[in-house]
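The values are calculated or read from the model by the stated rules, or taken from the named source; none is laboratory data. A quick note: this is a predicted structure, and the numbers were derived from the prediction, not measured. Reconstructed Cβ throughout: ideal geometry from the backbone, glycine too, with neighbour counts over all protein chains shown. In case anyone asks, the SASA skips ligands and DNA or RNA and just uses the protein heavy atoms, side chains included. Shrake-Rupley method; radii C 1.70, N 1.55, O 1.52, S 1.80 Å.
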Amino acid sequence: MAGIYLHIPFCKQACHYCNFHFSTSLKYKNDFVSALLKEIKLQQEYLQHELIETIYFGGGTPSLLTFDDINRIISTLHQTFTIKEDVEITLEANPDDINTGKVKQWKLSEINRFSIGIQSFFDEDLQWMNRAHNSTEAINSIHAIADEGIENITIDLIYGTPTLSEANWKRNIDRATELNIPHLSCYALTVEPKTTLAKMIKEKRTEAIDQSDQARQFLLLMDWLRTAGYEHYEISNFAKSGFRSKHNSSYWQGKKYLGLGPSAHSFNGNSRQWNVANNMQYIQSLQKNELNFEKEALSPIQKLNEYIMTSLRTVEGCDLHYVKEEFGENRSRILQGSANDWSKKSLLIIQDSKMILTDEGKLFADGIAADLFFEDPKDQ
């Protein structure tokens, strides 16, 4: 099984915190779609004819594509790959792009899962982030999709912003559960270099991020959603039974995936590659029937470290038996020894040969993973 990710690099406006590749100009959107269709054909051998179980339209803002654009892309994927009959097809959409008419069209395009960039149900938060929608549109977008009988909905929420009080964070979560949203992706605001937010903080035009507030809001989030019946199956993701994201889960499970579009990443089990993060260079290369990407072959140690990093983020944890089978008994033993140090601090438990982060440990997931990494001889 494998997945396909399509990066749609256009947005109406730039959110202050965003560091993804996108353009606010739609001038070359038609040229981009033509290039994307060509890339699909040129990459038909990348996944070695594995069955495609998930397709994900990300970005950027994929909901800026026309009905015809989406139809052509999905049709070309069907012509090029073997796609599972009950394939999960997710469309990321912003609330201001969603209405009943569009939802009816998207359903005809085989879209069966919607990821809505809500971020907050409060206007002061949305204005601070420079989002294109308001709180009323946030609510209406959810109703527009649910009223068409679509249950598989996920929303994004952001916590840890200077404008978000603990009380309003609780109201955001309550509103999501009251609307019966079966999947939530909740992210701590991160100040990425070269973003508008980083510049605003440097120039003291907005408050710096308080990491203690973020930690407290994350701990509260876990408690609230556990009480509401959600499974915390990955550090940033919570789902009702049967509503895990199949596509994102494939990343954490180390499955193969093909990334299409500028800046998109691909993984075939042995190497990673990433497309040029420039719309015009991407388009011009494909007009010449050329792929424009960089590639890195993964060493056994890199594969092990990636497994440690991704598996620790999940509820299933890092399986020491798997490490023994795939990377050798000695490395499994060393890994368990290193994990014992974190277990003594109650940040990690070892249960049935699986290393699983505690709630407190999830606050330090990246640091714990980095501490458990093995040194790669090729880097020395």
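Numbers below:
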quantity	calculated
Selection from segment 208-254 of residues that are of a type in the set (D, E, K, R) and either out of contact with any strand residue (DSSP E or B) (no Cβ under 6 Å at 6 or more places or on another chain) or at pLDDT below 95 (or both)	ASP210, ASP213, ARG216, ASP223, ARG226, LYS240
Residue that is farthest from the chain's Cα centre (by Cα), among those in segment 282-292 that are surrounded by fewer than 15 Cβ atoms within 10 Å (Cβ to Cβ) and over 15 Å from ASN30 (Cα atoms)	LYS288
Selection from segment 51-76 of residues that are touching a residue at least 60 places away in the same chain (Cβ under 8 Å) and either surrounded by fewer than 21 Cβ atoms within 10 Å (Cβ to Cβ) or more than 23 Å from the chain's Cα centre (by Cα) (or both)	GLU53
Checklist (1) open to solvent by 20 Å² or more (accessible area, probe 1.4 Å); (2) among the polar types (S, T, N, Q); (3) under 22 Å from ILE181 (Cβ atoms) applied to GLN48, failing item	(3)
Selection within segment 294-321 - in a helix (DSSP H, G or I), farther than 24 Å from ASP359 by Cβ and either open to solvent by 60 Å² or more (accessible area, probe 1.4 Å) or of a type in the set (Phe, Trp, Tyr) (or both)	PRO300, LYS303, HIS321
Matching residues, segment 189-247, being of a type in the set (S, T, N, Q), under 20 Å from ASN130 (Cα atoms) and open to solvent by 50 Å² or more (accessible area, probe 1.4 Å)	THR190, THR196
Any hit, segment 323-345, residues being under 21 Å from GLY269 (Cβ atoms) and among the β-branched types (Val, Ile, Thr)	yes
Considering residues of segment 339-380 that are aromatic (Phe, Trp, Tyr) and open to solvent by 60 Å² or more (accessible area, probe 1.4 Å) only, the residue farthest from ALA188 (Cα to Cα)	PHE373
Candidates TYR46, TYR56 - the one that is part of a strand (DSSP E or B) and hydroxyl-bearing (Ser, Thr, Tyr)	TYR56
